[in-house]
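Asks: I have a structure here, written as structure tokens, and I will follow up with some questions on it.
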Amino acid sequence: MTRIFSGVKPTGHLTLGNYLGAIRGWAEVDQHRSDSVFCVVDLHALTVDHDPARVRRLSRQAATLLLASGIDPDRSVLFVQSHVDEHARLSYLLECVASDGEMRRMIQYKEKAPVEQARGGSVRLSLLTYPVLMAADILAYGADEVPVGDDQTQHVELTRDLAARFNQRYGQTFTLPRATRPEVAARVMDLQDPTSKMGKSHESGAGIVYLLDEPDVVRKKIMRAVTDSGSEVVYDRGTRPGVSNLLEILAACEGGNPEGLSGVYESYGALKRDTADAVVELLRPVRERHRELVRDSAYVEGVLRTGAERAREMSRPTVDAAYRAIGLLPPAPAPADVVPVNMAR
Ligand code: TRP
């Protein structure tokens, strides 16, 4: 069976964009047709200036929201990255296969490093090496497919390159993964700036619907979404980014396609009202389930404990094989239990 691996980074509250662009597809489609591994990639949240308490809180919240969204721990492996040593263990080996030039060419690094520099003056080394850790996440599990957004395709390609290079130098060890677009995925853009992806760069929140926003907040944000000049409600990303985004969201909620809604609405107001209703209804069960799960923290912790155990079992053999292949001396097996003296005679 195809193995898929994907992750969410606990750097901010999860958004409608995360949900419609990825998580819903993982829950509704991917976990039913593949052997799925989903990870809260908390180590990745440390690559930029961070608040420890916030990372901890967001990690627990992301795991809880994945469960609330329908990731089923009996079908999928769900865990927190830092609970499984194999990721960091493998990342170092892959650093010995990657080159610094290759890292500096990563688009996300080129975009983020200057921002960090402007903010605090220094860029964490982990921001540069982060794609290698991501490669380790994927390769440790022998994943065939990685359902991610477009902004991550370059990282998955790097993962493939590193895997191929390692295999070629040190012998067949890793499966070569490929990036897939999640099967049911919408590209949700910021409601205030519909040319940039929701949740990417806008910290203000006015254009971002969070999964845990109260219904009246969701409604307000959608009613205040920027629309375009002109008044026809047609789907055209190039000339009508604002309206097209609302049509995309509405279609995704209803399971249709946005082209099909082109021309259906008489006014922006009517479109916004229907979109707001649809989003509120879409998120209602997720919020309710989240609320129940928050009350049952022992359950969530149990899921994550079991998930980490399974993840360790899955990844350990591959990472051990990579350690052997690259030339590291295997530790001697622990001596058998000391035989009691009287029995030794
Ligand atoms: N880099 C991804 C992001 O920013 C998160 C991530 C880390 C990931 N490791 C991964 C995604 C492995 C898929 C597979 O969204």
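Asks: Identify the residue in segment 259-290 that is open to solvent by 30 Å² or more (accessible area, probe 1.4 Å) and hydroxyl-bearing (Ser, Thr, Tyr) and, among all such residues, is nearest to residue 248 (Cα to Cα).
Replies: The qualifying residue nearest to residue 248 (Cα to Cα) is 262.
Asks: Which of (1) touching an Asp or Glu at 6+ places or on another chain (Cβ under 8 Å); (2) of a type outside the set (Val, Ile, Thr); (3) closer than 19 Å to residue 3 by Cα; (4) open to solvent by less than 20 Å² (accessible area, probe 1.4 Å) is the odd one out, the single condition residue 143 does not satisfy?
Replies: The single condition residue 143 does not satisfy is (1).
Asks: Tell me which of these residue 51 doesn't satisfy, since it passes every other one: (1) in contact (Cβ under 8 Å) with a residue 60 or more places away in the chain; (2) away from the ligand (no atom under 15 Å from the Cβ).
Replies: The failed condition is (1).
Asks: Taking residue 88, is it surrounded by fewer than 20 Cβ atoms within 10 Å (Cβ to Cβ) and either within 16 Å of the ligand (Cβ to nearest atom) or not in a helix (DSSP H, G or I) (or both)?
Replies: yes
Asks: Right, here's the next one. Every residue in segment 139-183 that is of a type in the set (Asp, Glu), within 14 Å of the ligand (Cβ to nearest atom) and in a helix (DSSP H, G or I), please.
Replies: Step one: list which residues in segment 139-183 are of a type in the set (Asp, Glu), which gives 144-145, 150-151, 157, 161, 183.
Restricting the remaining residues to those that are within 14 Å of the ligand (Cβ to nearest atom) gives 144-145, 150-151, 157.
Listed by number, the residues that qualify are 150, 151, 157.
Asks: Same structure again: Scan segment 64-79 for residues that are under 14 Å from residue 306 (Cβ atoms) and open to solvent by 10 Å² or more (accessible area, probe 1.4 Å) and jot them down.
Replies: 67, 72, 73, 74, 75
Asks: Across segment 100-109, which residue is most open to solvent (accessible area, probe 1.4 Å) among those that are within 15 Å of the ligand (Cβ to nearest atom) and in a helix (DSSP H, G or I)? Don't jump to the end; show me each part of the working.
Replies: Just the residues of segment 100-109 that are within 15 Å of the ligand (Cβ to nearest atom), to begin with: 103, 106-109.
In the following step, the residues that additionally are in a helix (DSSP H, G or I) were identified as 103, 107-109.
Details: 103: 10, 107: 91, 108: 23, 109: 42 Å².
The extreme case among them is 107.
Asks: Please indicate, with yes or no, whether at least one residue in segment 66-82 is out of contact with any strand residue (DSSP E or B) (no Cβ under 7 Å at 6 or more places or on another chain), away from the ligand (no atom under 13 Å from the Cβ) and among the hydroxyl-bearing types (Ser, Thr, Tyr).
Replies: yes
Asks: Let me ask you something else. Among the residues of segment 208-230, which ones are touching a helix residue (DSSP H, G or I) at 6+ places or on another chain (Cβ under 7 Å) and part of a loop (DSSP other than H, G, I, E, B)? Before the answer, list the steps.
Replies: Kept after step one, since they are touching a helix residue (DSSP H, G or I) at 6+ places or on another chain (Cβ under 7 Å), are these residues of segment 208-230: 209, 211-212, 215, 218-219, 222-223, 225-228.
Result: 209, 211, 212, 225, 226, 227, 228.
Asks: How about segment 117-135: which of its residues are away from the ligand (no atom under 15 Å from the Cβ) and part of a helix (DSSP H, G or I)?
Replies: Listed by number, the residues that qualify are 117, 118, 119, 120, 125.
Asks: Another question about this same structure. Which members of segment 1-54 meet the condition of being open to solvent by less than 30 Å² (accessible area, probe 1.4 Å), outside any helix (DSSP H, G or I) and in contact with a Ser or Thr (Cβ under 6 Å, 6 or more places away or on another chain)?
Replies: 4, 10, 34, 36, 38, 40, 47
The values are calculated or read from the model by the stated rules, or taken from the named source; none is laboratory data. These numbers come from a predicted model, not from an experiment. Glycine also receives a Cβ, built like all others from the backbone with ideal geometry; neighbour counts cover every protein chain displayed. Just the protein is used for accessible areas: all its heavy atoms, side chains included, with ligands, DNA and RNA removed. Shrake-Rupley method; radii C 1.70, N 1.55, O 1.52, S 1.80 Å.
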